[in-house]
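As structure tokens, the structure follows; a few thoughts come after it.
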Amino acid sequence: MADVAIISGSTSDSAITEKVKKVLDENRVSYDAQVISAHRDPDKLDAYIKKSGVKVFIAIAGLSAALPGVIASKTDKPVIGVPVSGTLNGLDALLAIAQMPKGVPVACVGVDNGENAAWLAIRILKLQ
């Protein structure tokens, strides 16, 4: 069973996913990488979260960046959001991830900073 789930909202986020995977590989952390859109595939996302036995979720999303928040609303496990640059240089995605309502926390790293998401996941895993 993987320790970390890497979920991106689109195949266009693959460059960021690769950054996450590289750090996790170098540190021998197991992961499962999926492309599941919170908007286009909500049932698939819900099923994946429910069946997943991972300890940490990394969610990569641009534009409205709903993916990290949707995941956080469906699990009590840590969720790390990675905003993706696109429109507004990623500011829209960054704000969407950082401005979550009380009780639905999402850690947010810098725009396109998949490496820091992986490093944060590793630190979270070390707490166990």
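Every read-out reported here was derived from the displayed coordinates using simple, explicitly stated rules and does not represent laboratory data. The structure displayed is predicted, hence computed values, not measured ones. When we count neighbours, we look across all protein chains shown, and the Cβ atoms used for this are built from the backbone with ideal geometry, even at glycine.
Output the residue which, of all residues in region 75-90 that are of a type in the set (A, V, I, L, M) and closer than 15 Å to ALA59 by Cβ, is surrounded by the fewest Cβ atoms within 10 Å (Cβ to Cβ).
Looking at the filtered set, the residue picked out is VAL84.
Residue-by-condition table, conditions (1) within 14 Å of the chain's Cα centre (by Cα); (2) over 16 Å from ALA118 (Cβ atoms); (3) crowded, with 21+ Cβ neighbours inside 10 Å; (4) among the polar types (S, T, N, Q):
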residue	(1), (2), (3), (4)
VAL4	yes, no, yes, no
ILE7	yes, no, yes, no
ILE16	yes, no, yes, no
VAL29	no, no, no, no
SER37	yes, yes, no, yes
VAL56	yes, no, yes, no
ALA72	yes, yes, yes, no
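Which condition number in (1) surrounded by fewer than 18 Cβ atoms within 10 Å (Cβ to Cβ); (2) assigned to a helix (DSSP H, G or I); (3) under 13 Å from the mean Cα position of the chain (by Cα) is the one that LEU94 fails?
Just one mismatch for LEU94, condition (1).
Hey, among the residues in region 8-28 that are in contact with a strand residue (DSSP E or B) (Cβ under 9 Å, 6 or more places away or on another chain) and among the β-branched types (Val, Ile, Thr), which one's nearest to ARG123 (Cα to Cα)?
So the residue we want is VAL20.
Determine whether ALA66 is surrounded by fewer than 24 Cβ atoms within 10 Å (Cβ to Cβ) and under 11 Å from the mean Cα position of the chain (by Cα).
Numbers: surrounded by fewer than 24 Cβ atoms within 10 Å (Cβ to Cβ): yes; under 11 Å from the mean Cα position of the chain (by Cα): yes.
It is true that ALA66 is surrounded by fewer than 24 Cβ atoms within 10 Å (Cβ to Cβ) and under 11 Å from the mean Cα position of the chain (by Cα).
For region 114-128, which residues satisfy the criterion of being assigned to a loop (DSSP other than H, G, I, E, B) and either surrounded by 19 or more Cβ atoms within 10 Å (Cβ to Cβ) or in contact (Cβ under 8 Å) with a residue 40 or more places away in the chain (or both)?
Filtering region 114-128 down to residues assigned to a loop (DSSP other than H, G, I, E, B) leaves 127-128.
Within region 114-128, just GLN128 meets the criteria.
Considering region 97-128 alone, what residues qualify as being under 12 Å from GLY69 (Cα atoms) and within 12 Å of the chain's Cα centre (by Cα)?
ILE97, VAL106, ALA107, CYS108
Quickly run through region 3-47 and pick out the residues that are charged (D, E, K, R) and under 18 Å from SER85 (Cβ atoms).
Of everything in region 3-47, those that are charged (D, E, K, R) and under 18 Å from SER85 (Cβ atoms) turn out to be ASP13, GLU18, LYS19.
Among the residues of region 100-113, is any part of a helix (DSSP H, G or I), over 14 Å from VAL4 (Cα atoms) and out of contact with any Cys (no Cβ under 8 Å at 6 or more places or on another chain)?
No; the residues of region 100-113 include none that is part of a helix (DSSP H, G or I), over 14 Å from VAL4 (Cα atoms) and out of contact with any Cys (no Cβ under 8 Å at 6 or more places or on another chain).
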